[in-house]
Amino acid sequence: MLKIRQVEQAIAALYPGQEIKCPVHLCTGQEAIPAGVCQALAKNDIVFGSHRAHGYYIARGASLRIFIAELYGKASGCGKGKSGSQHFAAPEVGFMGSSAIVAGTVPIAVGSALAFKMQGRPLVAVVDFGDGATDEGIFYEALNFAALKKLPVVFICENNTYATHAHIRVRQAKNNIAQRARVFGVPATKINGNNVLEVFRTAKSAIKRARSGGGPFLIECETYRWMSHVGPEYDCNLGYRSEDELKQWFKKCPLKVFQDLFIQKKLITDTDLNKMLDQVNTEVKAAVDFAKSSLAPSPQDLLMDVYRL
Ligand SMILES: Cc1ncc(C[n+]2csc(CCOP(=O)(O)OP(=O)(O)O)c2C)c(N)n1
Ligand SMILES: [Mg+2]
């Protein structure tokens with residue numbers, strides 16, 4: 001969680017310098033979900049993200065250097081400078097990709113789970129998406145198919161109340177995503193997405209169940225996005241949410257909740273925390289230096305690795 005937070009704060013600080021050209025959707029405030037879920041995965045399980053997926057890449061343990069280089073559009077980036085923040089992947093650690101198409105990776109994860117089942121491999125596919133993805137028809141088709149075929153897939157919904165600037169109450173008659181999944185035959189639960197231990201325990205049991213043939217599961221994680229929908233700033237001036245609402249969620253910061261618990265239980269000291277912070281910041285700085293000093297892709301590479309007619 002600390003690494004995700006520090007990486008994204010570095011991105012937010014660097015962004016106004018205009019060297020990062022791609023849009024960035026920061027997951028600050030929602031770090032407990034990727035951290036908890038990835039901790040519950042087995043080495044060869046796979047996970048898909050959405051447009052807000054930095055946390056999954058980092059929590060899966062993929063290289064920070066080539067991630068930051070990707071944001072800088074460099075040839076050394078994990079997408080050779082062509083994927084940017086929304087379409088990156090790290091298949092070497094089972095992070096199979098992210099997508100700007102809302103709900104786009106949901107059916108792909110279900111298809112992967114179908115492949116695992118047909119091949120008789122004991123693997124699980126996990127897909128993370130926002131509450132906005134549950135506005136899409138494909139989400140319900142995916143739930144139905146996963147339940148019908150009893151597939152080893154776990155759906156993680158980050159319900160942060162908003163899809164861009166639209167509150168869930170102006171998009172859906174009921175804020176009951178977990179309940180809706182059950183109607184399709186997918187067992188589901190709603191949890192506190194800012195409590196990393198709760199996320200970890202729930203994901204662990206859903207993944208175990210899926211691996212042993214129990215079929216799909218949906219976890220609805222209640223959480224909140226701190227920064228603007230896209231970009232590195234606070235956006236209460238836009239009028240779609242209040243500063244007071246944001247401040248209430250600062251108090252539920254997933255890192256602070258976890259740190260306070262560990263300090264209270266005397267499992268960690270302030271000195272340990274500062275040491276961790278220093279280590280992470282050193283790694284982030286090295287990644288930024290690597291990105292800045294890397295070369296841009298050459299014009300000849302423009303049409304390589306992309307679909308074309
Ligand atoms: C199919 C599709 N429709 C609309 C958009 C425009 N769009 C981009 S992000 C977004 C909202 C996503 O909200 P949510 O899924 O709740 O994720 P969050 O941004 O809150 O993490 C929308 C509507 C899109 N990218 N793809
Ligand atoms: Mg949302």
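The values are calculated or read from the model by the stated rules, or taken from the named source; none is laboratory data. In this text the structure is predicted, and so the values were computed from the model without any measurement. Glycine gets a Cβ as well: all are built from the backbone with ideal geometry, and neighbour counts include every protein chain shown.
Just a few scattered comments:
- Residue selected from segment 118-137 under the condition assigned to a helix (DSSP H, G or I) and surrounded by fewer than 18 Cβ atoms within 10 Å (Cβ to Cβ), by the criterion nearest to ligand 2 (Cβ to nearest atom): Asp135
- A residue that is assigned to a loop (DSSP other than H, G, I, E, B) and either touching a strand residue (DSSP E or B) at 6+ places or on another chain (Cβ under 8 Å) or not aliphatic (A, V, I, L, M) (or both) occurs nowhere in segment 1-12.
- Residue match in segment 3-10 (condition: without any contact (Cβ under 8 Å) to a residue 60 or more places away in the chain and within 16 Å of ligand 2 (Cβ to nearest atom)): no
- Residue count for segment 138-165, restricted to those that are under 19 Å from Trp226 (Cα atoms) and exposed (fewer than 15 other Cβ atoms within 10 Å of the Cβ): 2
- Where a residue in segment 261-276 is among the polar types (S, T, N, Q) and its partner, wherever it lies, is surrounded by 10 or more Cβ atoms within 10 Å (Cβ to Cβ) and at pLDDT 95 or above, with Cβ under 8 Å and at least six apart: none
- Search result, residues across segment 36-58 that are of a type in the set (Gly, Ala, Ser), outside any loop (DSSP other than H, G, I, E, B) and within 16 Å of ligand 1 (Cβ to nearest atom): Gly55
- Lone qualifier among Ser76, Ser50 - being of a type in the set (Gly, Ala, Ser), touching a residue at least 60 places away in the same chain (Cβ under 8 Å) and in contact with an Asp or Glu (Cβ under 7 Å, 6 or more places away or on another chain): Ser50
- Residues that are under 17 Å from Phe88 (Cβ atoms) and not small (Gly, Ala, Ser) within segment 3-13 comprise Lys3, Ile4, Val7, Glu8, Ile11, listed in sequence order.
- Asp305 vs. criteria exposed (fewer than 13 other Cβ atoms within 10 Å of the Cβ) and in a helix (DSSP H, G or I): no
- Scanning segment 102-117 for residues that are in contact with a strand residue (DSSP E or B) (Cβ under 7 Å, 6 or more places away or on another chain) and within 16 Å of ligand 2 (Cβ to nearest atom) gives Ala103, Thr105, Val106.
- Cβ pairs under 9 Å, 6+ apart, first in segment 166-194 and over 18 Å from Pro216 (Cα atoms) and assigned to a strand (DSSP E or B), second more than 13 Å from ligand 1 (Cβ to nearest atom) and charged (D, E, K, R): Asn192/Glu198; Asn192/Lys252
- Test: residue in segment 206-215 that is of a type in the set (D, E, K, R), free of Cβ contacts under 8 Å to residues at least 24 places away in the same chain, under 18 Å from Gly36 (Cβ atoms) and in a helix (DSSP H, G or I): yes
- Selection within segment 166-182 - in contact with a strand residue (DSSP E or B) (Cβ under 7 Å, 6 or more places away or on another chain) and within 18 Å of Tyr224 (Cα to Cα): Arg171, Ile177, Ala178
- Test: residue in segment 267-274 that is farther than 26 Å from Pro16 by Cα, assigned to a loop (DSSP other than H, G, I, E, B) and β-branched (Val, Ile, Thr): yes
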